[in-house]
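For reference, the structure discussed in these notes is given below.
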Amino acid sequence: MKSKYFKNLAKGLVVAGAAFALVNCGDAADQVNNAVADAQQQYQEQQQGGDVVTDPATNPSQTVTDPAQQGTVTPVDPADPNATPTDPNQGVTDPTQPADPSQTVQPADTTAQVTEPVVGPGGEQQPIDTTATNPPAISSSSAAGSDPVPTSSSAEDSPKSSSSEAVKPASSSSEVKADDGIFLVDGKEEEKNYLEVEYIKNTADNGGGVLCYPKQLSNTKKHGVILWGPGGGSSPNDYEGIIRRLASHGFVVVATSESPDGTNRGIPALDWLAKKNSTQGDVLYGKLDMTKVGASGHSMGGLQSEKMLINDKRVITAVLNNSGAFNHAELANVPAGKTAAIVYGEGGMERPNAEGDYNNNNVKIPACLLKMTGGQGNECQNGECGWGHGSGPWGGMAATVAWMRWHLGGETFRKDDFVGSSGKYINGAILGQPGKWKGQCKNF
């Protein structure tokens, strides 16, 4: 009798455990979906308070599509208990105050979980592998006095996408000798992750910001800087994939905890980073080129990037992901000598603003408008459905990496990828994803 009882109990535990595991495998994807939903809501609310309002009839559905625009559409649940609210009172540490030794940056936990969704060959979203990825090894030639290089034993230490491949072996001279002198890893494929990185949460503003940089910083070159802005109502940790990707190519990335439509988060974040660059003993002391700064972000974060490009002389280029000025006039206010790109989805709610901002006749700077087409989602704008409001930072992240390597890193050969009629971001496939790019550029 007892034997039968314990057998039935064991069966029950196995079934319960399997059900629990099945529920948890979708947590990472739910986190991303919630981030996109929050960004959509705040972007739309901000738009309704602006000068130009998109006709709601062109986007009657308020459902959120998977960021890679794969699989089915999931309705937004405002009562989702898993949603992580953003504290609006989180401020950036006053850069004029002495550095607090208790706030010394600690090494990141290399067992950080993957947050980027993985898409199967049939377009279905796959469960995320929650096992830690072994960090890539740095070859013995990366000792003091030389620069870090990925080795054949390197594994990508950041969230994986279906377009990621294994890192190829590199020689000890594996550094791009860019004309402007900043460090870039030799691997030129923007679809890959290369160097192992430090990913440090709750920094920059003591309440949700992120600092991410290569674990082994260059001893011979300075690093370019990228300011990242999350979508409205979301955390920078929802964009861990693109933040890690950028840092793995050699950039130092600082992400604000939130992205207002302005510069009151971005300017203090760059000031904070500049102070670290000038503070002896800091891990970033003397490592940064603060004249080579790019800004990027998603949705409201894209608007922050555009404002930083206009108002901060340190920022020389920007990539807006699924964003665009509501008044269709901000890109025309960017000072001469700077550059900008807008990455957006064919069906995204940002489309009218992205196109209106770029097509303003008063835009005089070199700029590109890069549309993602052929997606499998059903967000719709202007008669096209597919890639939606969550497309840029996930399925389209390679475009941001390539743009920053071009405009901050001096890789002028990348101009052919963006300008002309046959470049990969003008008329090429979206690697590892369905569809293709349909881009245009002007003033180059």
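The values are calculated or read from the model by the stated rules, or taken from the named source; none is laboratory data. Since we're looking at a predicted model, the values are computed, not measured. All Cβ positions, glycine included, derive from the backbone under ideal geometry; neighbour counts span all protein chains shown. Note: areas computed on protein heavy atoms with side chains; ligands, DNA, RNA excluded. Shrake-Rupley method; radii C 1.70, N 1.55, O 1.52, S 1.80 Å.
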Accessible-area order (highest first, 1.4 angstrom probe) of the listed residues E330, E411:
E330, E411
Between N443 and K415, what is the label-to-label distance in nm when each label sits 7 Å out along the Cα-to-Cβ direction?
1.6 nm
Work through the residues other than N277 whose Cβ is under 15 Å from its Cβ and net out their charges, Lys, Arg +1 and Asp, Glu -1.
+4
Label-point separation (nm) for N361 and A329, each offset 7 Å from Cα along Cα-to-Cβ?
1.5 nm
Relative contact order for region 209-271: what percent, with Cα pairs under 8 Å and sequence separation of 6 or more?
44 percent
The extension gain from E45 to S422, computed as 0.36 nm times the residue separation minus the Cα-Cα distance, is 132.0 nm
